[in-house]
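Asks: So that we are looking at the same thing, I have put the structure below in structure tokens.
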Amino acid sequence: MATINEYLTFMSDRIDQIFTLTGQHIYLTLIAVAIAILIGVPLGILITRVDSISGLVIGIANAVQAIPSLALLGFLIPFLGIGSTPSIVMIFLYSLLPIIKNTYTGLANVDRAMIEAGRGMGMTDAQLMRMVQLPLALPVIMAGIRISAVTAVGLTTLAALIGAGGLGQLIYRGISMVNNKMIISGAIPAMILALLVDFVLSIMERIVTPKGLKK
Amino acid sequence: MIRFENVVKSYGDTEVIKGINLEISNSELVVFIGPSGCGKTTSLKMINRLIEPTSGTIYINDQDILKMDPIELRRNIGYVIQQIGLFPHMTVGENIELVPLLKNWPKTKRRERAKELLNLVGMPPDEYIDRYPSELSGGQQQRIGVARALATNPDVILMDEPFSALDPITRAQLQDELFNLQQELHKTIVFVTHDMDEALKLGDRICIMKDGQILQFDTPENLLRHPAHGFVEEFIGKKRMWQQPEYVKVEDIMIQNPIKAIPTRTLTQAMEIMSGSGVDSILIVNERNQLLGIATANDIRSKWDTAKRLEEIYTRNVLSVHPDDSIVEVLKLMSQNNIGYVPVVDVSGILKGLITRSSLVKVLGEKYVG
């Protein structure tokens, strides 16, 4: 068994590589989650307006979520080849569901009385969404984004399998070389990254919670 | 003025509003009341088109509201809903300034108006304008709700059970405040409630509804005294009138056929009439039954030797009351003048009845104890 010191030495020897891979990892996650937000939030808003399609949309997102991630990655290769594009698409697809679902639930659970008060005071639908529904649903939407982002950090390790880089590269190389030190030097930064993302987003969640709703 | 013409609202096959007609005058506070599901809230929400009628027309100042832009219509009608109607993510100031904001008022004008309204509802602006609704008590929140509805000074204000979530003491206080505010502002207010006490306390007129129909639309006084429908009487509560002494009228409690005599009767005859009926005073009327005065048994006995007929001895210019006077006025009159009886006459002086201390005790006793 190697001592902790040996692990640390192993990692500090490869510190440049770890930083580069962490950078790639963050890049892939960020792009994928950003696209998921840009598509998921409007989609969530849309299905509160057109309630007849809400079941269908959430059903599809659920089904996508249920496909094993490794298999999904495999399915994408014939269409998108290898590298960062299929990886980003895969991470994006997985991030979509929590965002759509939370946007939908957040908006649907805004007190009916609030909506009626707004409408009764002469707000247009757009004003109602911007001034009442979205601010009140924002904490729930942010919670969805947070779940997505944390999951995405973990998923991004798979990207290394199809040559997109990221911290997964160290983990897979470590597995094939049966080198625990190498596995650990990929896994620990990935863990730290996930915890960091969770922490940062939890602060953001607090910031976007309207002041009047804070306890 | 708000006018409903043959307004019907149905959901599928069920008619929830079955063709109602009503007219609300300017500066009038009208209360819609009835058991749940009677259509009172639906009727209210049709005025600002939160609910659209299936058929029929609603006019505000002779304009058909169904032909108006609903957004514009709503911005010109104040709307107060239950306690939860304040936006929790907006400060008190932002809540009040909302309709002015929607109407694009400049910021300084909005702020000024918010301060003015906070003063109006008795909440110092410096202390409250930047607070959030969750930091206020229920009563304070609803005051803000009222202030918000007044923000652009609309002529019409709709209030949907605004005080129902408050504790009884706060509710009574806010009812008083609203009443006082209305004396000052003279808005046309439509107020929905299920609380009869609230309706009687606030309404200039009360519209009692059941199963999508109007059973009676009248002043509180007339509802209590002449309920048009068995349900109305039951809904108001049979004993209610007696709990509000100002609504109890002289004619409800007077003796209908008091003992009377014309002035030319002799004293002997008068004594005979009195003792035959077991009373100790007699009302003097002329041939047309107009009240002239009163004579008591004591009067007659003291003048027994000197006078012959009632006309020589009876007391003229007696105090009298009208059948429409309230029992409160009668009690006041009797105790101020220290008299034990008071005749009841109509506007042309015709004797209608008599109220005596013992008749009062008897009637009130029956109503309150019996």
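The values are calculated or read from the model by the stated rules, or taken from the named source; none is laboratory data. Model, not experiment: these values are computed from the prediction. As a convention, Cβ positions derive from the backbone with ideal geometry for all residues, glycine included, and neighbour counts pool all protein chains shown. SASA here: full protein model, heavy atoms, side chains in, ligands and nucleic acids out. Shrake-Rupley method; radii C 1.70, N 1.55, O 1.52, S 1.80 Å.
Asks: Which of the DSSP-defined H helices in chain A satisfy a minimum axial length of 15 Å, computed from C-alpha atoms, and a minimum mean Kyte-Doolittle hydropathy of 0.5?
Replies: A:15-49, A:54-66, A:69-80, A:84-108, A:134-155, A:180-208
Asks: Apply 1/(1 + (r/R0)^6) to the Cβ-Cβ distance of residue A:179 and residue A:77, taking R0 = 30 Å, and write down the FRET efficiency to the nearest 0.05.
Replies: 0.65
Asks: Here's something else I'd like to know. Which chymotrypsin sites (Phe, Trp or Tyr not before Pro) in the range A:1-81 pass both tests, a DSSP loop state and at most 10 other beta-carbon atoms within 10 Å?
Replies: Filter output for the range A:1-81: empty list.
Asks: Given 0.36 nm per residue, what is the gain on full extension from residue B:137 to residue B:315 after removing their alpha carbon distance, in nm?
Replies: Value of the extension gain: 57.8 nm.
Asks: Per-residue Cβ counts within 10 Å, from other chains only, averaged over B:88-95: what number is that?
Replies: Mean partner-chain Cβ count within 10 Å for B:88-95: 4.
Asks: What is the Rg over Rh value, at two decimals, for the range B:61-194, using alpha-carbon atoms and the Kirkwood definition of Rh?
Replies: Radius of gyration over Kirkwood radius for the range B:61-194 works out to 0.95.
Asks: Could I ask something else about it? Using a Förster distance of 30 Å, how high is the FRET efficiency between residue A:211 and residue B:169, based on the Cβ-Cβ distance and rounded to 0.05?
Replies: 0.50
Asks: Hull surface divided by four, with the convex hull built on the Cα atoms of the range A:73-183: how many nm²?
Replies: Taking the Cα atoms of the range A:73-183, their convex hull projects to 9.1 nm² on average.
Asks: Taking 22 Å as R0, compute the FRET efficiency from the Cβ-Cβ separation of residue B:197 and residue B:57 and round it to 0.05.
Replies: In this case the efficiency is close to 0.05.
Asks: Right, here's the next one. Are any of the pairs B:9/B:210; B:201/B:249; B:40/B:249; B:18/B:249; B:260/B:308; B:18/B:187 more than 24 Å apart by Cα-Cα distance, and if so, which?
Replies: With Cα atoms farther than 24 Å apart: B:40/B:249; B:18/B:249; B:18/B:187.
Asks: How do B:229, B:194 stack up against each other in accessible area, from largest to smallest, with a 1.4 angstrom probe?
Replies: B:194, B:229
Asks: For the range A:137-215, what relative contact order do you get, as a whole percent, if you take Cα pairs closer than 8 Å and at least 6 residues apart?
Replies: Relative contact order comes out at 36 percent.
Asks: Continuing with this model, one more query. Express in nm, to one decimal, how much length is gained between residue B:112 and residue B:307 on full extension, taking 0.36 nm for each residue of separation and deducting their alpha carbon distance.
Replies: 62.1 nm
Asks: Choose one answer from B:151, B:295, B:228: the residue with the largest mean-square fluctuation in a GNM of chain B with alpha-carbon springs under 10 Å.
Replies: B:295
Asks: Under a plain spin-label model, where a point goes 7 Å from the Cα along Cα-to-Cβ, how far apart in nm are residue B:184 and residue B:18?
Replies: Reported label-point gap for residue B:184 and residue B:18 is 4.4 nm.
Asks: For residue B:331 paired with residue B:120, estimate the spin-label separation in nm (one decimal), with each label point 7 Å from Cα along the Cα-to-Cβ line.
Replies: Distance between label points: 3.7 nm.
Asks: If the label point is 7 Å along Cα→Cβ of residue B:101, which residues in the range A:132-169 have backbone nitrogen under 14 Å from it?
Replies: A:132-136
Asks: How much of the DSSP beta bridge set in the protein assembly as shown is antiparallel, as a percent to the nearest 5?
Replies: Percent antiparallel among DSSP bridges in the protein assembly as shown is about 65.
Asks: Check each of the trypsin sites (Lys or Arg not before Pro) in the range B:243-294 and keep only those in coil by DSSP with at most 13 other C-beta atoms within 10 angstrom; list them in order.
Replies: B:288
Asks: Now for a different question. In terms of the Cα gyration tensor, with a ≥ b ≥ c the square roots of its eigenvalues, is chain A rounded because a/c is under 1.5, prolate because a/b exceeds b/c, or oblate?
Replies: Judged from the Cα gyration tensor, chain A comes out prolate (a/c at least 1.5, a/b above b/c).
Asks: Points 7 angstrom from Cα along the Cβ direction at residue A:4 and residue B:8: gap in nanometres?
Replies: Spacing of the two 7 Å Cα→Cβ label points: 8.3 nm.
Asks: Same structure, new question: Hey, what did chain A get for relative contact order, percent, Cα under 8 Å, at least 6 apart?
Replies: 27 percent
Asks: Of the trypsin sites (Lys or Arg not before Pro) in the range B:1-108, which ones lie in a loop per DSSP and count no more than 16 other C-beta atoms within 10 Å?
Replies: Filter output for the range B:1-108: B:103.
Asks: Turning to a different aspect of this structure: With equal scatterers on the alpha carbons only and no solvent term, can you work out the Debye log10 of I(q)/I(0) for the range B:130-242 at 0.19 1/Å?
Replies: Results for the range B:130-242 at q = 0.19 Å⁻¹ read -1.06.
Asks: Counting partner chain Cβ atoms within 10 Å of every residue's Cβ in B:67-76, what's the average?
Replies: 2
Asks: To continue, here is another question. How large is the helix-only mean residue ellipticity at 222 nm for the protein assembly as shown, computed as the sum of -39500 (n - 2.57) over DSSP H runs with n ≥ 4, divided by its residue count, in deg cm²/dmol to the nearest 500?
Replies: The helix-only estimate for the protein assembly as shown comes to -16000 deg cm²/dmol at 222 nm.
Asks: Restricting the count to DSSP beta bridges whose residues both fall in chain B, what percent are antiparallel, rounded to a multiple of 5?
Replies: The antiparallel fraction comes to roughly 65 percent.
Asks: May I ask you to derive the relative contact order of chain B, considering only C-alpha pairs under 8 Å and at least 6 residues apart, and to give it as an integer percent?
Replies: That works out to 16 percent.
Asks: List residues of the range B:123-159, by number, whose backbone nitrogen lies under 14 Å from a label position 7 Å along Cα→C-beta of residue B:176.
Replies: Label zone hits: none.
Asks: Taking chain B as a Gaussian network, where each spring joins two C-alpha atoms under 10 Å apart, which residue of B:43, B:320, B:358 fluctuates the most?
Replies: Fluctuation is largest for B:358.
Asks: Shielding by partners for A:109-116, please: the mean number of other protein chain Cβ atoms within 10 Å of each residue's Cβ.
Replies: 3
Asks: Follow-up. Among rounded, prolate and oblate, which fits the range A:18-82 when a ≥ b ≥ c are the square roots of the eigenvalues of its C-alpha gyration tensor, a/c under 1.5 means rounded, and a/b larger than b/c means prolate?
Replies: oblate
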